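Everything on this sheet refers to the single structure shown next.
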Amino acid sequence: MASENPEPEITAKRADQLDPDAKSFLETLESEGVPQVETLSVEQARALHTDAFTPEAEPESVASVEDSTIGEFGKNIPVRIYTPEGDGPRPALVYFHGGGWVLGNLDTHDSVARSLANRGDCVVVSVEYRKAPENPFPAAVEDAYEATKWTATHAEEIGANPDKLAVGGESAGGNLAAIVAQMARDKELGAPEIDFQLLAYPVTNHDYGTKSYSQNGSGYFLSRPLMIWFWNHYLREDVDGSNVRASPLLGRDLSGLPPAFVLTAGYDPLRDEGAAYASRLSDAGVSIEHANYNGMIHDFLNMRQLDDPFPDVERADDALDRAGEALREAFEE
């Protein structure tokens, strides 16, 4: 798979190179006086995020949406299962939403889950994993892995093909997807066979020293102070950031992992660690497609569902189309 977008290495950052929709979005944030999340309490931040990213408009149609609770041995993990129109069984995508392991829920990422179900022609199991700081690392990892195992075991019950399974997510959710893929490769307890990983602007390393942090650490929605706020709430102690179950880029051996579609954004502090993970996967012999949207900012996939006065983000539709195409191609192999 080959990317048609520019090379992932971004050497300069200038405001006039921002995508017009991204620029308008940032200007609206400023004009509306939206507070910096890292200055808020966790409760305030969650309320702000949920209010902003729970749209009032009619959602994209799918054949069915079912809320359920899953898990074995007393674990109760809320999920939302999306099934597109048409005959099954279909491949399954276990999807983990973003939000820095602290924010986000099934509602705030409903739009992306619906789009991936339709565009990827797959059953999407969106997972409400436990959040920090109430449930710090590695609780989210444990829930993500448990939900993936459950989906593999119960695929036929939800109209999915047990032999075609992918994991995916955005930001912190991309972090969880990458880690779950490594855990399954390492044959940890009850390991499912994973065929594909969809990683959208993933967190892959507890490191603020990259070039993209220097270029994009302030003024582009996700900031360096906000990432520090997220990590500080997520980790029990700083040394946890060196654990490969928190920083998948630190994995010594990335060979044998499933093919991946890695999406990055040029004006995102996480750009370089996402590109570095794609590069390491490729170096390890993993089939990779890396798409860098060099005018976009972090979380742009989820911005398409925002209500007025925020602008539509047209590039999000293009990126979702490419992600859906990557899923379909992977499942056809």
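Residues of the stretch 269-297 that are basic (Lys, Arg) and over 14 Å from LEU254 (Cβ atoms): ARG271 alone.
If the condition is being within 19 Å of the chain's Cα centre (by Cα) and part of a loop (DSSP other than H, G, I, E, B), then the stretch 178-207 contributes ILE194, ASP195, TYR201, PRO202, VAL203, THR204, ASN205, HIS206, ASP207. Among the residues that make up the stretch 71-91, is at least one of them in contact with an Asp or Glu (Cβ under 6 Å, 6 or more places away or on another chain) and of a type in the set (A, V, I, L, M)? Yes: the stretch 71-91 contains one or more residues that are in contact with an Asp or Glu (Cβ under 6 Å, 6 or more places away or on another chain) and of a type in the set (A, V, I, L, M). Contact list please: Cβ distance under 7 Å, first residue in the stretch 309-325 and under 14 Å from SER115 (Cα atoms) and modelled with pLDDT under 85, second residue of a type outside the set (A, V, I, L, M, F, W, C) and in a loop (DSSP other than H, G, I, E, B), pairs at least six apart or on different chains. Short answer, once both residue conditions are applied: none.
Determine, yes or no, whether ASN175 is of a type in the set (S, T, N, Q), buried (at least 22 other Cβ atoms within 10 Å of the Cβ), assigned to a loop (DSSP other than H, G, I, E, B) and in contact with a Ser or Thr (Cβ under 9 Å, 6 or more places away or on another chain). It is false that ASN175 is of a type in the set (S, T, N, Q), buried (at least 22 other Cβ atoms within 10 Å of the Cβ), assigned to a loop (DSSP other than H, G, I, E, B) and in contact with a Ser or Thr (Cβ under 9 Å, 6 or more places away or on another chain).
Restricting the stretch 83-94 to residues that are out of contact with any Lys or Arg (no Cβ under 9 Å at 6 or more places or on another chain) and within 15 Å of SER126 (Cα to Cα) leaves a set whose member that is surrounded by the fewest Cβ atoms within 10 Å (Cβ to Cβ) is VAL94.
Applying the set (1) under 15 Å from GLY174 (Cβ atoms); (2) modelled with pLDDT under 95 to VAL262 leaves exactly one unmet item: (2).
Listed by first and then second residue, the pairs linking a residue in the stretch 77-89 that is under 14 Å from VAL65 (Cα atoms) and touching a residue at least 40 places away in the same chain (Cβ under 8 Å) to a residue that is of a type in the set (D, E, K, R) and assigned to a loop (DSSP other than H, G, I, E, B), with Cβ atoms under 6 Å apart and 6 or more places separating them unless they lie on different chains, are PRO78/GLU128. Of the set (1) of a type outside the set (Phe, Trp, Tyr); (2) in a helix (DSSP H, G or I); (3) over 18 Å from the mean Cα position of the chain (by Cα); (4) surrounded by 15 or more Cβ atoms within 10 Å (Cβ to Cβ), all apply to LEU254 but (2).
The values are calculated or read from the model by the stated rules, or taken from the named source; none is laboratory data. What you see is a predicted model, and the numbers here were worked out from it, not measured in a lab. Positions of Cβ are backbone-derived with ideal geometry, glycine not excepted, and every protein chain shown enters the neighbour counts.
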